[in-house]
Structure formats: C-alpha cells, structure tokens
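**Student:** I am attaching a structure below and will ask some questions about it afterwards.
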Amino acid sequence: MDPWLIWLIVAAVLAAAEIFTLTAALGLLSAAALVTAGSAAVGLPVPFQFLVFALVATVTVVFVRPLAVRHVLQPQVARFGVDALVGRAAYVVSEVTGLDGRVRIDGEEWTARAYDETLVIPPGKTVDVMEISGATALVYPRD
C-alpha cells in the first residue's frame, strides 16, 4: 500500500475520532497527517514523512489549538431572542397576578404572570422581567 494512502487513512481516522472527543487536538493531528499524505504523494522518503508529521503536529497543537480553545470558551457577547428580554424593564398594562396579566416590553405587549405568585401588581407599575416561559413573561415589581 502506498504511504500517502496510509497517511490519508490515518487522517480520516483522526478526524473521525475528533468528532467524538471535540478537543481540537485530534483534528489538528488529522490535519498534520493530511499534510504528510501530500508530502508522501510527491515522493518524500518515509523518515522525512515522519519528520513532516512531527513538525506540523507540533506547530498546530502548540500554536493553533490554544487559539481554537480560547475562541470556543469565549462567553457569548450578545443575547438574542427572548433571552435578551430577561432583565429588562416592563410596564404593566393590565393587572398582573400569579395567573395572568399583560405587560409592555420594548413596545410589544406580552402576557405576564407575577414571579412571586402571591403578588398582585397594579397597572402603571414598572416591573423587571425575571424569566420568559413560552410566550409569558414572569415579572417582579421594582421597589
């Protein structure tokens, strides 16, 4: 079997293993094996193929992996959808109880319930959105 084909198989196996581990290390080793397969295809002798693999693997794992891990672990900068409404202020349009009510959040009317089911919040009060459950805002009055 040709050496370039063996390196190609090694690259495929490492790529498949990366899918299950999600560590980025095996994916980078797969890339190194792919580069080595290319060098084997142009006729580089086997000892030099191992040298190419070692160099590419070292460079990618030492320099590229930390960048990839840092990028993955960054906190999400912006919240989207209903997650963006949590923590916002709302205006009570109709009385809010533990069962029902209506509030206006950023110009849109939402069904609402009191976060503390024992509270009754009169119209005209400002409340904070504590949580969104389906299409209902769970709110708590501001003091």
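The values are calculated or read from the model by the stated rules, or taken from the named source; none is laboratory data. Model, not experiment: these values are computed from the prediction. With ideal geometry, Cβ positions are generated from the backbone for all residues, glycine too; neighbour counts draw on all protein chains shown. Just so you know, the surface numbers come from the protein's heavy atoms only, side chains and all, with ligands and any DNA or RNA stripped out. Shrake-Rupley method; radii C 1.70, N 1.55, O 1.52, S 1.80 Å.
**Student:** Does residue 58 meet the test of being under 30 Å from residue 27 (Cα atoms), at pLDDT 90 or above and open to solvent by 50 Å² or more (accessible area, probe 1.4 Å)?
**Tutor:** The answer is yes for residue 58.
**Student:** I'd like to know if region 115-136 contains one or more residues that are in a loop (DSSP other than H, G, I, E, B), of a type in the set (S, T, N, Q), open to solvent by 30 Å² or more (accessible area, probe 1.4 Å) and over 30 Å from residue 22 (Cα atoms).
**Tutor:** Just the residues of region 115-136 that are in a loop (DSSP other than H, G, I, E, B), to begin with: 115-120, 122-125, 134-135.
Remaining after also requiring of a type in the set (S, T, N, Q): 118.
Imposing the further condition that a residue be open to solvent by 30 Å² or more (accessible area, probe 1.4 Å) reduces the set to 118.
Subset that is over 30 Å from residue 22 (Cα atoms): 118.
Yes: region 115-136 contains one or more residues that are in a loop (DSSP other than H, G, I, E, B), of a type in the set (S, T, N, Q), open to solvent by 30 Å² or more (accessible area, probe 1.4 Å) and over 30 Å from residue 22 (Cα atoms).
**Student:** Any residue that is under 30 Å from residue 127 (Cβ atoms), open to solvent by less than 50 Å² (accessible area, probe 1.4 Å), free of Cβ contacts under 8 Å to residues at least 12 places away in the same chain and touching a helix residue (DSSP H, G or I) at 6+ places or on another chain (Cβ under 8 Å) - is there at least one of those in region 74-86?
**Tutor:** yes
**Student:** Within region 16-30, track down each residue that is of a type in the set (Gly, Ala, Ser) and either open to solvent by less than 40 Å² (accessible area, probe 1.4 Å) or assigned to a loop (DSSP other than H, G, I, E, B) (or both).
**Tutor:** Answer for region 16-30, where residues must be of a type in the set (Gly, Ala, Ser) and either open to solvent by less than 40 Å² (accessible area, probe 1.4 Å) or assigned to a loop (DSSP other than H, G, I, E, B) (or both): 17, 24, 25, 27, 30.
**Student:** Can you name every residue in region 31-55 that is surrounded by fewer than 14 Cβ atoms within 10 Å (Cβ to Cβ) and under 28 Å from the mean Cα position of the chain (by Cα)?
**Tutor:** none
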